[in-house]
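Taking it in order: structure first as structure tokens, then the write-up.
The values are calculated or read from the model by the stated rules, or taken from the named source; none is laboratory data. As the structure is a prediction and not an experimental result, all values here were calculated from the model. Cβ: placed from backbone, ideal geometry, glycine included. Neighbour counts: every protein chain shown. With ligands, DNA and RNA removed, areas are computed over all heavy atoms of the protein, side chains included. Shrake-Rupley method; radii C 1.70, N 1.55, O 1.52, S 1.80 Å.
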Amino acid sequence: MARHHETPQDLRLTGLSRRFGAMTALDGLDLTIRGGEFVALLGPSGCGKSTALNCIAGLLPLTGGSIHLGERRIDRLKPEERGFGMVFQSYALFPHMTVARNVGFGLAMRGIKGEAAARRVDDALAMVRLQSQAAKLPGQMSGGQQQRVAIARAIVIEPPVVLMDEPLSNLDAKLRLEMRAEIRRIHDAIGSTTIYVTHDQDEALSMADRIVVMRDGRIRQVGTPEDLYERPAHPDVADFMGFRNRLRGRAVAVDGVRAEVEVCGTRLAGILRETLDPGAPAVAAIRPEDLTPAAEGVPVRVASVEYRGRAFFGTAVAQDGTELFFRSDRAVAQDEPLRLAAASPRVLVFPGEAA
């Protein structure tokens, strides 16, 4: 299948709102997704990411705001009039139809039949590497193969936008890794815009051009995978991007973007992410893989440890009861006393009241 025959248009969400009775699921989303871009909507359950996707698809009406594809307003159109492809978590394949008929269903609904439809179905199955499976029923295929069929069905209509709602959550770990690469390859090949909903930061980091982190129906931060991984702007974004250690204390020195904080009976230096005055409450955020045994650092006692191939990962408890997650290149024992520290560029410092 060739790249999309038209230049992809920007998708613009303006003041997107959706309420369910007294509950606000989306609260004024503003976002422009560039044509041909792969954007991941990332966040915990209940943050509004799937609601946003369903509003874009037309499966849920808006309470407020608008959606434009290029210069055309589309939020008033029916789902089928928007022409988007959608891949569901549950595959949603017709069990009584062959793979080829499942893939061609959307074409038939658009009145495309005969040789033209057969050619496009063949191209779509070739794109997902399932040409030899065209005559099978979905029940005769593995979960990964069924998800490929669902992707082929979404792209065969040559949509300007492909919407994916946690499509890999039902697959095992090995298949998820394989399908990440496949989905990105297909996106690059067809040239359509892709909007991908996930709660898995690794999926978002590995596939997306930009990541949109959501919380409580609002956008918290938008950026490239590197931006979000290295420079989360808020404590909740940092927490979701893997900064599991959050040590509460007080700022003792601030110098430009650097800060020194007193936490758990010791001092740590880090990078300041929000305005903070000396003496104010502060939180030091650190990823487990960056917190390691050292000669100087937070005094702890090991609570548990497990071997993960190249290193040991464990939990420890500081003197004030704070639980810490750490990595060690050597074996450590339960109840062993340690000191844990991290290089200052790997420590992010936030105001305490924002944590």
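Write out, first by first residue and then by second, each pair whose Cβ atoms fall under 6 Å of each other, whose residues are 6+ apart or on separate chains, and whose first residue, in the stretch 233-257, is closer than 25 Å to Gln319 by Cβ while the second is in a helix (DSSP H, G or I) and among the aliphatic types (A, V, I, L, M). Here the result reads Pro235/Ala354, each pair linking the stretch 233-257 to a residue that is in a helix (DSSP H, G or I) and among the aliphatic types (A, V, I, L, M).
Here Ala52 passes the criteria (1) crowded, with 19+ Cβ neighbours inside 10 Å; (2) in a loop (DSSP other than H, G, I, E, B) except the one numbered (2).
Could you grab me the full set of residues in the stretch 275-298 that are open to solvent by 50 Å² or more (accessible area, probe 1.4 Å) and more than 19 Å from Val317 (Cα to Cα)? Selection gives Thr275, Asp277, Pro278, Pro281.
For beta carbons closer than 9 Å, sequence separation of 6+ or different chains, a first residue in the stretch 203-220 that is closer than 13 Å to Pro44 by Cβ and a second that is open to solvent by 40 Å² or more (accessible area, probe 1.4 Å) and assigned to a helix (DSSP H, G or I), the qualifying pairs are Val213/Phe240; Arg215/Phe240; Arg220/Phe240.
Phe38 meets the conditions (1) surrounded by 14 or more Cβ atoms within 10 Å (Cβ to Cβ); (2) at pLDDT 95 or above; (3) within 18 Å of Arg82 (Cα to Cα); (4) not basic (Lys, Arg) in every case but one. The failed one is (3). For the stretch 90-125, the set of residues classified as under 17 Å from Met179 (Cβ atoms) and either small (Gly, Ala, Ser) or open to solvent by 80 Å² or more (accessible area, probe 1.4 Å) (or both) consists of Ser90, Ala92, Ala124, listed by residue number.
Tallying residues that are in a strand (DSSP E or B) and either open to solvent by 40 Å² or more (accessible area, probe 1.4 Å) or over 21 Å from Arg231 (Cα atoms) (or both) within the stretch 254-270 yields 9.
Taking first residues from the stretch 61-73 that are free of Cβ contacts under 8 Å to residues at least 60 places away in the same chain and closer than 15 Å to Thr32 by Cβ and partners that are part of a strand (DSSP E or B) and among the β-branched types (Val, Ile, Thr), the Cβ contacts under 6 Å between residues at least 6 apart in sequence or on separate chains come to Gly65/Thr14; Ser66/Thr14. Elements of the type strands (runs of 3 or more DSSP E) sitting completely within the stretch 300-355 and holding at least 2 residues that are open to solvent by less than 10 Å² (accessible area, probe 1.4 Å), of a type in the set (A, V, I, L, M) and within 22 Å of Tyr229 (Cβ to Cβ): these cover 347-351.
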